[in-house]
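Here's the structure, in structure tokens; my notes come after.
The values are calculated or read from the model by the stated rules, or taken from the named source; none is laboratory data. No experiment lies behind these values; they were computed from the predicted model shown. Every residue, glycine as well, gets a Cβ built from its backbone with ideal geometry; the counts of neighbours run over all protein chains shown. We work out accessible area using only protein heavy atoms, side chains counted, and drop any ligands, DNA or RNA first. Shrake-Rupley method; radii C 1.70, N 1.55, O 1.52, S 1.80 Å.
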Amino acid sequence: MPIVRETPYFILQELSEGVFAAVAKPGQGAWSNSGFVDLGAELVVFDTFNTPSAAEELRRQAESLTGKKAAYVVNSHYHGDHVFGNQAFGDAVIVSTRTTREWFEEKNIMGDPEEEQKETAAYLTGLQNQISAAEPGIRRESLINQHLEMEKLLADLPRLKMVKPALVFESRLTIHGAERRVELHCFSGHTASDAIMYVPDAGVLFAGDLVTENLHVPVTDPPAFRAALEALAKLEAETLVPGHGNVGTKELLPPMAGYLDLLIDSSRGAASSGKTVEEFISAFQVPAEYHVWRGINGMERNLKTAYEFFALQK
Ligand SMILES: [Zn+2]
């Protein structure tokens, strides 16, 4: 896949004519992947990174490369690392599911700027302490990356604005352009609502955080997440852009499915056997293949949320 441009925040790859992925460079303020599609007369952008600075660079690159204007922006879900750059596209129509907009309103609240800066600075100090105490290895590297990304956010905080989606949909939305269409499909599992963008004529799937590469991505509803992966496998997508990690193919799906299967089988069994969550987690042997996955909480957080999910179902 040809790299068309490299910026301080991300690497742009053209996946098919007029279909671009913006792959985040670690620790530089983008934090998650984004992308954009030339619809013929205008662009649709998928996700806006963690900082306005990274998003402004995305807009500059997208519009200069194609000579077209960003008319639509899709927010895959409400997490900050995918939506805090929305303000760079203030004149575009920002689209999400209804549920994502509700969570956005509830969770993404910008308080008093000075207070926000103090809180973020305190969080950074806490991270620094964890880094100092951590053994060398993947968890320490994840903490360092988290620290770098949060430093970039802190630098942008004085001008950060929360720009909410304006147009909402329930389960499906198609955007028809002059030359091609994109489809938005709603699933859940990573959050209460996770949208993907599918470009049928190019066979490209922008998956948001339903697909990540070698990452203990947060799971809130394990069976729903597993079902979403099943549905994504059925789309005729040759190229898959994950929320975090490198652009790939459907080969990204089986490791995710295996991870979900393990979470589901082990935590459902533990929750119904009467084991406490502490007993379950302390006895759990994390398979070696997941020791190299990134994430500041390793597998532990997902074991806990999966256990609690199934304990509630009893
Ligand atoms: Zn996320």
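So which residues in segment 142-169 are over 18 Å from the mean Cα position of the chain (by Cα), under 30 Å from Glu183 (Cβ atoms) and of a type in the set (Lys, Arg)? Don't jump to the end; show me each part of the working.
Keep residues of segment 142-169 that are over 18 Å from the mean Cα position of the chain (by Cα), which gives 144, 151, 154-161, 166-169.
From what is left, the residues that are under 30 Å from Glu183 (Cβ atoms) are 161, 166-169.
Correct list: Lys161 only.
Just one residue in the set Ala166, Ala227, Ala195, Ala202 is more than 19 Å from Trp293 (Cβ to Cβ), surrounded by fewer than 17 Cβ atoms within 10 Å (Cβ to Cβ) and in contact (Cβ under 8 Å) with a residue 60 or more places away in the chain; that residue is Ala166. Among the numbered conditions (1) farther than 25 Å from Tyr9 by Cα; (2) in contact (Cβ under 8 Å) with a residue 60 or more places away in the chain, the only one that Glu141 does not meet is (1).
With respect to Pro2, is the statement that it is under 20 Å from the mean Cα position of the chain (by Cα) and open to solvent by 40 Å² or more (accessible area, probe 1.4 Å) true?
Details: under 20 Å from the mean Cα position of the chain (by Cα): no; open to solvent by 40 Å² or more (accessible area, probe 1.4 Å): yes.
The answer is no for Pro2.
The residue pairs whose first member lies in segment 21-35 and is over 14 Å from Gly243 (Cβ atoms), whose second member is crowded, with 24+ Cβ neighbours inside 10 Å and of a type in the set (Gly, Ala, Ser), and whose beta carbons are closer than 9 Å, counting only pairs six or more residues apart or on different chains, are Gln28/Ala54; Gly29/Ala54. All conditions but one from (1) without any contact (Cβ under 8 Å) to a residue 40 or more places away in the chain; (2) farther than 28 Å from His147 by Cβ; (3) touching a Ser or Thr at 6+ places or on another chain (Cβ under 9 Å) apply to Leu15; the one that does not is (1). Scanning segment 48-84 for residues that are within 14 Å of the ligand (Cβ to nearest atom) and under 18 Å from Asp156 (Cα atoms) returns Thr48, Phe49, Asn50, His79, Gly80, Asp81, His82, Val83, Phe84.
Looking for whichever is surrounded by fewer than 12 Cβ atoms within 10 Å (Cβ to Cβ) and either in a loop (DSSP other than H, G, I, E, B) or within 18 Å of the chain's Cα centre (by Cα) (or both) here; the options are Gly111, Gly126. Which one fits? Write out each step before concluding.
Numbers: Gly126 fails: either in a loop (DSSP other than H, G, I, E, B) or within 18 Å of the chain's Cα centre (by Cα) (or both).
The conditions single out Gly111.
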